[in-house]
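**Student:** Mind looking over this structure? Questions follow.
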Amino acid sequence: MKISHKKYAVSSTILTIIVCFLMGFIDAYTFLVQDEVFASAQTGNFVSMSAKLFSGEWQEALSHVWVIAGFAAGAFAGEAMLHRYKEKGFAKYRYFLFFQSILLLFLAIFEKRTEDLIVLIALGLLAGFVLTTFRNVNETMVNNGIMTGNLRNLMGLFYQMIFRKDAEAKRHLVNLAATILIFVLGVGAGTLTILLNADYHLWAAFFISTGAFAWALLSPALSKP
């Protein structure tokens, strides 16, 4: 079945938006519940890890080491799966989101019986996997869990829009600004969920992921033209 470029772009954008919200949602959990660790923002982890190491807080620094290792493994796995399933087109996202949902379901069920170390590695792996896989918002390349690069690119596009009158830069700027806002809203929603009851958080993350999986199943990109 031939998929129109427009349908593909719209469907992949929806998935990236949902996943960007989810990354903010999960980062709120790891920061507030798992000793101020970040699942996706590895710059923050390196800073915190280094500060703790050089101040003698060896045990506290280890939590950052594990999530960084998980993130690296997830990014590697994401690249491998993108290569393996590149001929699948949009349908490959079904596999990715199914894996993500199963992992979050496992963590939600066994959170109280699982060592924090395992939870951090798993969420770091998930963040690396997702960051590698979902990168486009209306054909604008974004980082769905790392806002440093998004903000830098946003300012570059802002300059081009103001001083070079670049209409294309304006379009990409809007997409990047939306990405940052969605991530912030995800962090806010995650924080409110934790304040309500932290036990619900990973379950909520699972349902968000399942919603993305449902979208991939019903996506216009896979419908007949």
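**Student:** Name the pairs: first residue in the stretch 91-117 and within 13 Å of LEU22 (Cβ to Cβ) and of a type in the set (Ser, Thr, Tyr), second residue in a helix (DSSP H, G or I) and open to solvent by less than 20 Å² (accessible area, probe 1.4 Å), Cβ to Cβ under 9 Å, at least 6 apart or on different chains?
**Tutor:** The qualifying pairs are SER101/SER209; SER101/ALA212.
**Student:** While we're here: From the list GLN59, GLN100, which one is more than 25 Å from THR191 (Cβ to Cβ) and either modelled with pLDDT under 90 or within 17 Å of the chain's Cα centre (by Cα) (or both)?
**Tutor:** Selected residue: GLN59, the only one of GLN59, GLN100 that is more than 25 Å from THR191 (Cβ to Cβ) and either modelled with pLDDT under 90 or within 17 Å of the chain's Cα centre (by Cα) (or both).
**Student:** Condition (residue is open to solvent by 70 Å² or more (accessible area, probe 1.4 Å) and touching a Gly at 6+ places or on another chain (Cβ under 8 Å)) applied to the stretch 181-198: is it met by at least one residue?
**Tutor:** Yes, the stretch 181-198 contains a residue that is open to solvent by 70 Å² or more (accessible area, probe 1.4 Å) and touching a Gly at 6+ places or on another chain (Cβ under 8 Å).
**Student:** Consider GLU111 against the criteria (1) over 14 Å from the mean Cα position of the chain (by Cα); (2) under 26 Å from LYS7 (Cβ atoms): it satisfies all of them except one. Which criterion is unmet?
**Tutor:** (2)
**Student:** Give the residue that is nearest to GLU115 (Cα to Cα), with candidates limited to residues of the stretch 36-63 that are assigned to a helix (DSSP H, G or I) and either of a type in the set (Lys, Arg) or open to solvent by 80 Å² or more (accessible area, probe 1.4 Å) (or both).
**Tutor:** So the residue we want is GLN59.
**Student:** Here's another thing I want to ask about it. Which of the numbered conditions does CYS20 fail, given that it passes all the others? Conditions: (1) of a type outside the set (D, E, K, R); (2) surrounded by fewer than 19 Cβ atoms within 10 Å (Cβ to Cβ); (3) in a helix (DSSP H, G or I).
**Tutor:** (2)
**Student:** Right, another one. Given PHE129, PHE134, which one is without any contact (Cβ under 8 Å) to a residue 60 or more places away in the chain, under 14 Å from the mean Cα position of the chain (by Cα) and under 29 Å from ARG94 (Cα atoms)?
**Tutor:** Among PHE129, PHE134, only PHE129 is without any contact (Cβ under 8 Å) to a residue 60 or more places away in the chain, under 14 Å from the mean Cα position of the chain (by Cα) and under 29 Å from ARG94 (Cα atoms).
**Student:** Being touching a helix residue (DSSP H, G or I) at 6+ places or on another chain (Cβ under 8 Å), farther than 25 Å from GLN34 by Cα and touching a residue at least 12 places away in the same chain (Cβ under 8 Å), is that true of even one residue in the stretch 185-195?
**Tutor:** No - not one qualifying residue is present in the stretch 185-195.
The values are calculated or read from the model by the stated rules, or taken from the named source; none is laboratory data. Here the structure is a predicted model, which means the values were calculated and not measured. Note: ideal-geometry Cβ built from the backbone for every residue, glycine included; neighbour counts use all protein chains shown. With ligands, DNA and RNA removed, areas are computed over all heavy atoms of the protein, side chains included. Shrake-Rupley method; radii C 1.70, N 1.55, O 1.52, S 1.80 Å.
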